[in-house]
Amino acid sequence: MPVHSGSGNSLLNTSKIANDLLARWKNNLVLTKSVYRDLDGQFGDIGDTVNVRLPNNVIVNDGNFATKTTPLNDKLAALVVDTQKNVKFTLSMKDRKLSIVQFGERYIEPAANRLANVVDQNVAEKMRDAYFRFGTVGMPLSYQDVNLGLAYAEDVALPTDRMCRLITNTIDKANISNAVSLTNQPQLVKDAIQKGYAGEIAGFESFFSQNIIKHLTGAFTGTEQVAAELQNGNKLEVKGGQAGDLVRGDRFTIDGVHEINPITKQRTGRLQVFSVVSDGGMAGATDTITISPTMNNGTGTTTDGQGNPITTEMDKNVDGTALVDAKINVIGDATSMYQENYIMHRNAIAMAMIFLDLPPSGHGSRAYDKQTGLNISVSEYFDGDSNKNNIRMDILFGTKMIRPDLIFRATNQKVS
């Protein structure tokens, strides 16, 4: 049942609404435009899993003899399509007399804006698990911070191509704009300030978002030490009574565990940063935290698809071992809130959107954008009891951090 305008023409059908909503929704997105979205266009339901294939590393041998064999073991990341959001309008006879332009301004634009923020917030939640570090703790993001961030990214083989972006919060967007103004580069200033979130800064396309989440650190003690030696794995045990309360998003280094370039396997000169990826952190009796990245000093083994043991040497990501009594150095002050900023490659986070089945009764349409992979479903059904039309707009998606090695995070100005 199409929604009619006052002239009697069928102007407001579900197809027109879906296409108008998709265009407005796409225009309101910021963070979502910076993630990998080539997994879209499938039909399915909430709870479906999409497997994302990850790149393989290899072992390079020295000399004439091939002494070590690189296992042929495909790596997959399971992305669960677990989030459905919708907006529903109930239209009276008076509402049905609106023109398509009036309907768009009054109803579609607010819906598009809110849905865009909901999806961007979901992406921002995944960004919190980033472990690589740039910037100066407690200080506003500076132009120098971004320049050094570029150097740090290159140190760990993060591709600094056009798919790698600087993403700031709204406050540090102003700080960066001021810094750019001082460079006296008119075109750079024009791009970075007049266009708002689009412009090149220190080699990065820059964007800002109100949905960047501030980080509130846990009530850690500052005296944390390793309780059990860890060479390979993501479960770190901390001495009882020293664990305090680290929360998801807290980051730290461990004395003796060094960051390396994943290609050359050489030390970068910095300690490896780890992020707490489970809520609750070090709190509780177990004094065990889940960390990212999973520590791999090249000495471990795993199993292939047939259950055979294989080496993980090709995926080595640290140099050193977390020894018993090694000091854990937490970034920032306890129970403090900080502004955060990111350098992120498109392939760090993946997003999959699923086509929803349209209702068998009533009228429905889908709109799909081939360039971005975004899609939305709009259905219309009549409520005979109230003599009103219902319009429902749905999206179904999932996001996952699939390459945490392709994102840097800055813990900057302290808010409280």
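None of the figures in this text is laboratory data; all of them are computed from the coordinates on show. This is a predicted model, so every value here is computed, not measured. Using ideal geometry, Cβ is built from the backbone for each residue, glycine included, and neighbour counts are taken over all protein chains shown.
Please work out the FRET efficiency for the pair T264 and I46, using the Cβ-Cβ distance as r and a Förster radius of 60 Å; give the result to the nearest 0.05. Intermediate values should be presented prior to the final figure.
Details: r = 43 Å, r/R0 = 0.72.
Between T264 and I46 the formula returns 0.90.
Could you pull out the pairs from K126/K239; K173/K327; K370/K414 whose alpha carbons sit more than 31 Å apart here?
K173/K327; K370/K414
Assuming R0 = 60 Å, can you tell me the calculated FRET efficiency for the pair L358 and N64, based on Cβ-Cβ distance, to the nearest 0.05? Show your work: numbers first, answer last.
Details: r = 64 Å, r/R0 = 1.06.
So, using R0 = 60 Å, E works out to roughly 0.40.
Among A322, A350, A111, determine the one that fluctuates most according to a GNM of the chain built with springs between C-alpha atoms less than 10 Å apart.
So, out of A322, A350, A111, the one fluctuating most is A111.
Zone of A174 (label point 7 Å along Cα→Cβ, backbone N under 20 Å): which residues in segment 390-416?
Under cut-off, by backbone N: 411-416.
Loop-only trypsin sites (Lys or Arg not before Pro) in segment 138-178, please: DSSP not H, G, I, E or B, and at most 14 other Cβ atoms within 10 Å.
Values: sites: R162, R165, K173; in loops: R162.
Qualifying residues, ordered by number: R162.
Considering the dipole of the chain built from charges on the beta carbon (Lys and Arg +1, Asp and Glu -1) around the Cα centre, which of L72, S34, N56 is farthest to its positive end?
Checked the options; the winner is S34.
For the chain, take the longest principal axis of its alpha carbons; what is the angle in degrees between that and the long axis of helix 14-28, to the nearest 10 within 0 to 90?
In the chain, helix 14-28 runs at an angle near 40 degrees to the longest axis.
Around P55, what is the net charge, scoring Lys/Arg as +1 and Asp/Glu as -1 over all other residues with Cβ under 11 Å from its Cβ?
Values: positive: R53, K75, R403; negative: D74, D315, D405.
Taking every Cβ under 11 Å from that of P55, the sum is 0.
Which residue, N61, N19, N296, tops the fluctuation ranking in a GNM of the chain built on C-alpha contacts under 10 Å?
N61
Where is the GNM fluctuation largest for the chain (alpha-carbon springs, 10 angstrom cutoff): G63, G320, G135?
Result for the chain, Cα springs under 10 Å: G63 fluctuates most.
Give the residue list of trypsin sites (Lys or Arg not before Pro) in segment 31-129 that are DSSP loop and have at most 15 other beta-carbon atoms within 10 angstrom. All intermediate terms of the calculation are to be shown ahead of the outcome.
Details: sites: K33, R37, R53, K68, K75, K85, K88, K94, R96, K97, R106, R114, K126, R128; in loops: R37, K68, K94, R128.
Passing both the DSSP loop test and the Cβ count: K68, K94.
In nm, to one decimal, how far is the modelled label at K94 from the one at A334, with both set 7 Å along Cα→Cβ?
Here the answer is 5.9 nm between the modelled labels.
What 222 nm value per residue comes from the helices of the chain, counting each DSSP H run with n ≥ 4 as -39,500 (n - 2.57) and dividing by all residues, nearest 500 deg cm²/dmol? Mind dumping the intermediate values first?
Numbers: 6 runs with 67 residues, N = 416.
The helix-only estimate for the chain comes to -5000 deg cm²/dmol at 222 nm.
If I take every Cα pair under 8 Å that is 6 or more residues apart in segment 218-335, average their sequence separation and divide by the length, what percent do I get for the relative contact order? Spell out each step's value before the answer.
Numbers: 295 pairs, mean separation 43.3, N = 118.
Across segment 218-335, relative contact order equals 37 percent.
Could you tell me how many degrees, from 0 to 90 and to the nearest 10, lie between the Cα long axis of helix 109-127 and the main elongation axis, the longest principal axis, of the Cα atoms of the chain?
With both axes taken from Cα atoms, the answer is about 10 degrees.
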